[in-house]
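Beneath this line is the structure, given in structure tokens, with notes to follow.
The values are calculated or read from the model by the stated rules, or taken from the named source; none is laboratory data. No experiment lies behind these values; they were computed from the predicted model shown. Positions of Cβ are backbone-derived with ideal geometry, glycine not excepted, and every protein chain shown enters the neighbour counts. Remember, those area values only see protein heavy atoms, side chains included, never the ligands or the DNA or RNA. Shrake-Rupley method; radii C 1.70, N 1.55, O 1.52, S 1.80 Å.
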Amino acid sequence: MIGIVLAFVLGVPVGLGIANAGTSESDRAVAEMQRDEARREVTQITELTAMARKTKETVTPVVEGLAKVAPENGPAAVTATAAQLSEWKKIMEQERQRYEETVSGSTAVNVARNALRNAVNLLNTAVDTYIVAAGVPADRRPAVIDLSARQTALAVSSWSVGAVQLDQLNTDAGNGHQHVYLTDSESTMMDDGVPEGSQG
């Protein structure tokens, strides 16, 4: 009887030790997975920010051009040429394909990526709509051009959502504020007064 009691008493610490060792190992594995996930997210944020900056640079002529030929308020002062439309379409198709690839990330990163993708698709549609306007009767053309203008405004608005989210992601990731707005007016409207790269 005494032997059984001793075996039980001695066995309890051993069992607890084995259980604790298993738990500790499990905790370390979970912590390492979390660190890997954090590193992967920082990489995705950095890559998405670089892609957004490249897109902004590439599509700026399209945004500025549409603002002249399909202004949101009032009649257009000029009409886009066939050469301009061909170039805009080439640019937007290139950007549409760039965002076509789906990269799995955290919900926060996916929100930013999808907002930017939607903006590109809307801007591409705005160009298509303006191209269609050239082929409709003259009395219907202003309405189609106005539709193109509204699509452009929606594209800029969607980009704003992605840009704000991207700014917050970069701050959280330790990259500092990154302001990647599509237009100067958007940048002025959304300006948080914090210097680029600042952690403030």
Of (1) over 22 Å from Gly65 (Cβ atoms); (2) open to solvent by less than 30 Å² (accessible area, probe 1.4 Å), Gln178 satisfies every one except (2)
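Among the residues of segment 108-128 satisfying the criterion of being over 11 Å from the mean Cα position of the chain (by Cα) and open to solvent by 20 Å² or more (accessible area, probe 1.4 Å), which is farthest from Tyr181 (Cα to Cα)?
Checking each candidate, the answer is Asp128.
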Residues being under 21 Å from Val132 (Cβ atoms) and part of a loop (DSSP other than H, G, I, E, B): count how many of those fall in segment 75-106.
7
Might you let me know whether segment 46-58 holds any residue that is assigned to a loop (DSSP other than H, G, I, E, B) and free of Cβ contacts under 8 Å to residues at least 60 places away in the same chain?
no
Residue in segment 48-79 that is modelled with the lowest pLDDT, counting only those that are in contact with a Lys or Arg (Cβ under 8 Å, 6 or more places away or on another chain) and open to solvent by less than 80 Å² (accessible area, probe 1.4 Å)
Ala76
Please state which one of Glu25, Glu32 is assigned to a helix (DSSP H, G or I), modelled with pLDDT of 75 or more and on the phi < 0 side of the Ramachandran plot.
Glu25
Pairs returned, first residue in segment 130-156 that is more than 22 Å from Asn118 (Cβ to Cβ), second residue that is of a type in the set (Ser, Thr, Tyr) and open to solvent by 70 Å² or more (accessible area, probe 1.4 Å), beta-carbon separation under 9 angstrom, 6 or more apart or interchain, are Ala134/Thr79
Within segment 152-174, can one find any residue that is part of a loop (DSSP other than H, G, I, E, B) and modelled with pLDDT under 95?
yes
Going through segment 80-107 in order, the residues found to be open to solvent by less than 50 Å² (accessible area, probe 1.4 Å), modelled with pLDDT of 95 or more and either of a type in the set (Phe, Trp, Tyr) or under 17 Å from the mean Cα position of the chain (by Cα) (or both) are Trp88, Met92, Glu95
